[in-house]
Amino acid sequence: MNLDLTNKRALVCGSTQGIGRAVALELAQLGAHITLVARNEEKLQEVISQLDGSQGQQHHYLAADFAQPDELQEQITNYIQQLDAVHILVNNTGGPAGGPITAAKPEEFLQAFNMHLINNHQLVQAVAPLMQQAGYGRIINIISTSVKQPLQGLGVSNTIRGAVAGWAKTMANELGPYGITVNNVLPGATRTARLESIIANKAQKNQTSTEAEEAEMMAEIPARRFATPEEVAAAAAFLATPAAAYINGINVPVDGGRTGCL
Ligand SMILES: NC(=O)c1ccc[n+]([C@@H]2O[C@H](COP(=O)([O-])OP(=O)(O)OC[C@H]3O[C@@H](n4cnc5c(N)ncnc54)[C@H](OP(=O)(O)O)[C@@H]3O)[C@@H](O)[C@H]2O)c1
C-alpha cells in the first residue's frame, strides 16, 4: 500500500491544536511538506517545530483568520504564487457555537457559512489548478457526523455541515477527472479543546458535573470512549495518500460507531 507523501505539499487549516494539528503531524510523518494555517502565530511556530522534518521537508505557516474570507483569499493567493505545487488541502477550522436552532440568530448562520463553506470554496479554487497541473489532488474536509445525523444542541452547526457535505460531493464530481479527490472526515466526540468546552457548557446548563456529562456521552458510543485527535487524523491522512486514489466523494465517520444510520 503506497502511503508515501514525499515531495507532496499539504495545506492544513485549523492546525494549531486538536484535529488539525494531529493531521499536520501525521502528514509530515508520511513525508509531506506542510503549510499550517490558523490565527495564533505563537502556536503556529510551536506546531511547526513539532513536525517531522527527517526527509528534508520545508514546513511553512500562514497566520490567517477564517472569519475574514476576503483577507484569507488574498493571503492564500499571494502565498500560492510562491509555490510550485499544492497536492493536499485539509479544510478545517473552529466549529460554530452550540445552542438550539430555535434561538439561532440569522447572522450566526451567515458567519458559520462563511467560516465553513465560503473559505473551503475559495481555498479549493486557489489550489485546484495546481493539483490539476500535478495530476494529484486530495481535498479533505473535516466536518462532523451531523452530516448524517443532526446532533442535539448544535443547530447552526447541523445546518452548515449539511451544506458543506453537499458542496464537497459536487466538487468531487467536477474534480474527479483530474486525479483530484474530495472526501469528508466526520469526527465523533474527539478529545480536543472544542469538546472540553462543549462538555463544560452542558454541565453548566444542566447543573451537573463534566464527569456526569462525559459518562452520558460515552454511553451512547459503542466504543465507550472519546476519540483521540490522532485517530481522526489517521483517517484524514490515509485519504491524502496515493493508496486512496479511487476513494472519492465519500463521508468517513470516525466516531467509535456512534452514528445510528448506515
Ligand atoms: N472535537 C470534536 O469532538 C469534534 C466533533 C465533531 C466535529 N468537530 C469539528 O472538527 C473541527 C476541528 O475540531 P477540533 O476539536 O480540533 O477544534 P479546536 O480544538 O477548537 O481547534 C480548532 C482549530 O481551528 C483554528 N481556528 C479556529 N477559529 C479559526 C479562525 N477564525 N481562523 C483560522 N483558524 C481558526 C484554531 O486555531 P487558532 O485559534 O490558532 O486560529 C485551531 O487550530 C471543527 O469544525 C469541529 O467542530 C469536532
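Using Cβ point charges alone (K and R +1, D and E -1), the dipole size of the stretch 132-262 about the Cα centre works out to roughly 220 debye.
Cross-link reach is defined here as a Cα-Cα straight distance under 23 Å, omitting same-chain residues fewer than 8 places apart; for Lys105 the lysines meeting it are Lys202, Lys205.
Dipole of the chain, Cα-centred, from +1 at each Lys and Arg C-beta and -1 at each Asp and Glu C-beta, to the nearest 20 debye?
For this selection, approximately 520 debye.
Axis angle, to the nearest 10 degrees, between helix 69-80 and the longest C-alpha principal axis of the chain: 30 degrees. Positive-end ranking of Val185, Met218, Gly155 along the dipole of the stretch 109-224, with charges on Cβ about the Cα centre, is headed by Val185. Summing Lys and Arg as +1 and Asp and Glu as -1 over all other residues whose Cβ lies under 13 Å from the Cβ of Thr93 gives a net charge of +3. Partner aspartates and glutamates whose Cα lies under 19 Å from the Cα of Lys8, excluding those fewer than 8 positions away in the same chain, are identified as Glu26, Asp52, Asp84. When Tyr79, Tyr61, Tyr246 are arranged by Cβ crowding within 10 Å, least crowded first, meaning fewest neighbours, the order is Tyr246, Tyr79, Tyr61. Once the Cβ-Cβ distance of Glu174 and Asp4 is raised to the sixth power relative to R0 = 30 Å, the FRET efficiency obtained is 0.65.
In a fully extended conformation the segment linking Arg39 and Ala243 would gain 70.2 nm over its present Cα-Cα distance, using 0.36 nm per residue. Note on the chain: dipole from Cβ charges, positive end direction compared against Gly95, Thr170, Cys13; the farthest Cα belongs to Thr170. For the listed peptides 99-110, 228-239, 11-22, a ranking on the average number of other beta carbons within 10 Å per residue, highest first, reads 11-22, 228-239, 99-110. Summing +1 for each Lys or Arg and -1 for each Asp or Glu among the other residues whose beta-carbon sits under 14 angstrom from that of Asp84 gives +2. Residue separation of Ala223 and Ala203 scaled by 0.36 nm, minus their Cα-Cα distance, works out to 5.0 nm of gained length.
The stretch 180-229 and the stretch 63-137 have Cα centres lying 25 Å from one another.
For Ser49 and Thr102, what is the calculated FRET efficiency with R₀ set at 35 Å and r taken between the beta-carbons, to the nearest 0.05? Efficiency, rounded to the nearest 0.05: 0.15. Maximal additional length on extending the Asp65-Asp84 stretch stands at 4.4 nm, based on 0.36 nm per residue less the C-alpha distance.
Values quoted throughout were computed directly from the atomic coordinates according to the rules given, and no laboratory measurement underlies them. Everything numeric here is computed off the predicted structure, so don't read it as measured data. Please note: Cβ atoms are built from the backbone with ideal geometry, for glycine as well, and neighbour counts cover all protein chains shown.
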